[in-house]
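The values are calculated or read from the model by the stated rules, or taken from the named source; none is laboratory data. In this text, all values refer to a predicted model and were calculated from it rather than measured experimentally. FYI the Cβ positions are ideal-geometry reconstructions off the backbone, even for glycines, and counts take in every protein chain you see. These accessible areas exclude ligands, DNA and RNA; they are computed on the full protein's heavy atoms, side chains included. Shrake-Rupley method; radii C 1.70, N 1.55, O 1.52, S 1.80 Å.
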Amino acid sequence: MFISLWEFFYGHFFRFWMKWLLRQMTGKCELQRIFDTYVGAQRTHRIENSLTYSKNKVLQKATLVVQSEVDKCVEDIMKEKNINPEKDASFKICMKACLLQISGYKQLYLDVESVRKRPYDSDNLQHEKLLLKLWNLLMPTKKLKARISKQWADIGFQGDDPKTDFRGMGILGLINLVYFSENYTSEAHQILSRSNHPKLGYSYAIVGINLTEMAYSLLKSEALKFHLYNFVPGIPTMEHFHQFYCYLVYEFDKFWFEEKPESIMYFNMYREKFHEKIKGLLLDCNVSLTLKI
């Protein structure tokens, strides 16, 4: 109750008068003061909040602008806030960079969601080629005897036909598995080998798809904003999402063997513990979770 009242008074009264007072004292608007004070994710995050909670419709709409309209949006903001480009030459550059990150994050989510909604189709030749590519990357010395085969269990699928395991994350789960195996082949082989541990083993592919869901949910909840705003100076893309997924795969394997679960039956509990650990790291405004090998 108290928090709700504070948010109401802050948003409707206190914030307005505080901004007015600071503008009189510094001669600069809130956006300019943010650019003068902060860098990295803190800067973009504060700019995003300032635009979102502004009473000015032009500023409010700026957080929804598409990438192709960013330049015009920056000009409109400067006009609304009476910012002279000759007196503040850096404003235009900084605002454009922030809006590209803000709009880029929203577009990245839409792109990831679009791929996630695309189901694995065994009649799609590209899907089938990608699946066989995964096998060849992970098992280069072992030939797959048939498309429907118990051999798929060797790389951690549940049944004879992997397509059933992609139902939750669609083709996105397979794309992520292939990306990690192709770009970090030696690490993928090492983790696959460790996943066959007699006591601490787990299903490599199934866990990989599970981690795709984790990466997706963190993106959807906007928990990845600090990470991506720090990691990507420009527009975040699918490549950056895949890179974050690789970080999760590598770190989860380390986490699993450090925790030494009594049984795979406790997977969900340890998965959630790892999830909470990652969410905690992502709260740091200076965070940048990159795979370091």
Alpha-carbon centroids, region 209-258 and region 158-203: separation in whole Å: 16 Å
Accessible carbon and sulfur surface of the chain relative to its total accessible area, %, 1.4 Å: 56 percent
Sum of -39500 (n - 2.57) over DSSP H runs of 4+, divided by residues of the chain (222 nm, nearest 500): -20000 deg cm²/dmol
Helix 204-220 axis, angle to the chain major axis (alpha carbon atoms, nearest 10°): 10 degrees
Selected from Pro198, Tyr53, Ser114, residue furthest toward positive end of dipole (the chain; charges at beta carbon): Tyr53
Correct option for semi-axes √(5λ) of the Cα gyration tensor in Å [calculated from the coordinates] among (i) 48, 26, 17; (ii) 45, 21, 16; (iii) 26, 23, 18: (ii)
Accessible surface, the chain, averaged per residue in Å² (probe 1.4 Å): 55 Å²
